[in-house]
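Below is one structure, written out as structure tokens; comments come after it.
The values are calculated or read from the model by the stated rules, or taken from the named source; none is laboratory data. In this text the structure is predicted, and so the values were computed from the model without any measurement. For neighbour counting, all protein chains shown are included, and Cβ atoms are generated from backbone atoms with ideal geometry for every residue, glycine included. Quick note on the areas: whole protein, heavy atoms, side chains included, nothing else; ligands and nucleic acids left out. Shrake-Rupley method; radii C 1.70, N 1.55, O 1.52, S 1.80 Å.
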Amino acid sequence: MIQFLKVFVLSLALCGSLAFADEAELKQEIAVRDSVMQVQGDACTLEKDSLRSVIETEKAKSENWEKSYNTIKKDNETCAQMLSTSISVNENKKEKEENDRRAAAMATSSSFLGGVGIGLLIMWLIMK
């Protein structure tokens, strides 16, 4: 019986030391796992911050392109209006010049015909 108790006590001691060894090993594995998870978490945080920075940069570029496009569009509309006005003014100017030429030609021909008419009248009076 004493031997049985010795074996029992020794087996309890051995199981206890194995349990302590298993517990220490388990704590070490948990510490390693936590360390790996912390590194992965830090990497994810860095990647998330990097992606957020890229998105903000692209958003700023997009806003700049939109402003540039709107400025060019407005300038184009202004130029189109100025061109339309200029063409209209030039057409009106040409039309006025043509009307002035016609009026001048009409006045010249009227003056010539009037002179011929007066000349004929004077000649008729002289011959009479």
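Rounded to the nearest Hz, the phi-derived 3J(HN,Hα) couplings of the range 107-120 under the Karplus curve 6.51 cos²θ - 1.76 cosθ + 1.60 (θ = phi - 60°) are 5, 5, 5, 5, 5, 5, 5, x, x, 5, x, 5, x, 5, where x marks glycine and proline. Among the protein heavy atoms of the range 28-128, carbon and sulfur supply 62% of the accessible surface, probe 1.4 Å, non-protein parts ignored.
Model label sites at residue 59 and residue 97, defined 7 Å from Cα along the beta-carbon direction, differ in position by 5.8 nm. Each residue of the range 51-128 gets 33 Å³ once the volume of the Cα convex hull is shared out per residue. Of the whole protein surface, residue 124 contributes about 140 Å² of accessible area at a 1.4 Å probe radius. On full extension, the segment bounded by residue 109 and residue 76 gains 7.0 nm, given 0.36 nm per residue less the C-alpha separation. For the pair residue 83 and residue 120, label points projected 7 Å from Cα toward Cβ lie 5.5 nm apart. Residue 106 exposes around 120 Å² of accessible area when a 1.4 Å probe is run over every protein chain in place. For residue 73, what is the net charge nearby, where nearby means another residue's Cβ is under 12 Å from its Cβ and Lys, Arg count +1, Asp, Glu -1? Neighbourhood net charge equals -1.
Accessible surface comparison of 55, 30, probe 1.4 Å, protein chains only, largest first: the order is 55, 30.
For the range 20-120, the solvent-accessible area of protein heavy atoms averages 91 Å² per residue (probe radius 1.4 Å; ligands and nucleic acids excluded).
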